[in-house]
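See structure below.
None of the figures in this text is laboratory data; all of them are computed from the coordinates on show. On a predicted model such as this, the values are computed, not experimentally measured, just so you know. Don't worry about glycine lacking a Cβ; one is built from the backbone with ideal geometry, like all the others, and counts go over all protein chains shown.
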Amino acid sequence: MPSNLGASFWVRMGLQEADRNVCIRAIESVYPHKRVEEFANQGHCSFTILVSSTPEALFQEDGDDTGDSAMAASPFIVQIRPQQHSLDQKITWAAYRVYGSLVPSVRTVQCPLPRGLTAVEMDLKEGVPSSRLLSRARVIDAETSTWNKQVRLVESLASFIACAWPSIPSDKPSPRYTRADSPMSDGPSWLAKCPGKVGANIVRKLEKLSHQLPDAGLRERARDTLDRLMRTADYPVVLNQGDLIPTNILIDRDTWEITGVVDWAEAEWLPFGTCLYGLEHLLGYLDCSSSAPEFRYYEGSEVLRKLFWLKLAEEKPEVEASLKNVEVMRDIGVLLWLGYAWDDGQIDRVVNYVDDGEELARLRAFLEVSGG
């Protein structure tokens, strides 16, 4: 885990606390007739500001007959981001096209900010982070509303992921050979469609895990997954969210239907199913009550996982024909997202027992269960 996890955004990013007020004043100057305040839900790599109408502005908007008053009255958010965690608007636009209204629309805010910071405006998605509502008890009674909500959650996740199979937008990624800074490891030719920070290095990263993961069983699993990848002749490359964890999955408080998926800064074109580690996060919880963290699955998690796959097959029947390959990509996602430490976006250090107990607990648990 990052040692500065409890620090403010400004400290984590190597900025100064005084920069906060400078940024807020800059946003106030962009929206002079709006209320500008710190948003309740903050991410790790951005500072989020809520922008809403004042009572006086609402009165003026009610008298506006241009047809834009409803949009003007709706609150929205502005995110302040450092360059290393900036949003690629080509990616966010592609995400909106693939996944629809579950993805916030994004536009750049033009204003002077200190230290190379950038600002983007996006619509405010309804719902709360699923991390706030997920159960912390192993037993969920199948006769209770909580079970029904959990079913709704995993089925709506299946519907979200199904949107990407297959997605071939007109602005599909350029082949990797167009990027001089992207290492070319031997691998299936279709991997050339993965040009991003992770995608361009999938083979190399799996090879590194097969040598450096902290025990023989995990290293063998990485080798086996790499071997299965190398034998995959063809496979769809789609836009993956890149950080599909409960804090980024917004849900309706009453039903647990997914209402939005946020934080697309790490999104990449990757093999379909690479983000399926996100399902496992929703099927249990991390128990840190002892010195060795342990990820505990809910009783009934097998049923929930089966319901997810049934819903995915219902939405996209052709997935069933490629299920074995989807399971390989699911394992690749688990290994790449939990086998490497985040380290403020460096993601090149293999996890170890001393520094990364929580990541290893999830890695072991997620690899012990069958994907489909």
For the chain, with a Gaussian network of springs between Cα atoms less than 10 Å apart, report the residue from 74, 131, 290 with the top mean-square fluctuation.
290
Report the relative contact order of the chain, percent, no decimals, based on alpha-carbon pairs under 8 angstrom and at least 6 residues apart.
17 percent
Alpha-carbon gyration tensor eigenvalues x 5, square-rooted, for the chain, Å
35, 24, 22
For the range 215-365, what does the relative contact order come out to in percent, with C-alpha contacts under 8 Å and a separation of six or more?
22 percent
If each K or R counts +1 and each D or E counts -1, the residues other than residue 148 whose Cβ falls under 15 Å of its Cβ total -2
Over the chain, with a Gaussian network built from C-alpha contacts below 10 Å, which listed residue (312, 15, 157) shows the highest mean-square fluctuation?
15
Summed side-chain charge close to residue 116 - residues other than residue 116 whose Cβ falls under 14 Å, Lys, Arg +1, Asp, Glu -1:
+1
Note, residue 245: beta-carbon cut-off 11 Å, +1 each Lys/Arg, -1 each Asp/Glu, net -3
I need the calculated FRET efficiency for the pair residue 83 and residue 211, taking r as the beta carbon distance and R₀ as 22 Å, to the nearest 0.05.
0.10
Among 119, 321, 94, which one shows the highest mean-square fluctuation when the chain is modelled as a Gaussian network with alpha-carbon springs under 10 Å?
321
Listed by chain and number, the lysines with an alpha carbon less than 19 angstrom from that of residue 208, same-chain partners under 8 positions apart left out, are 197
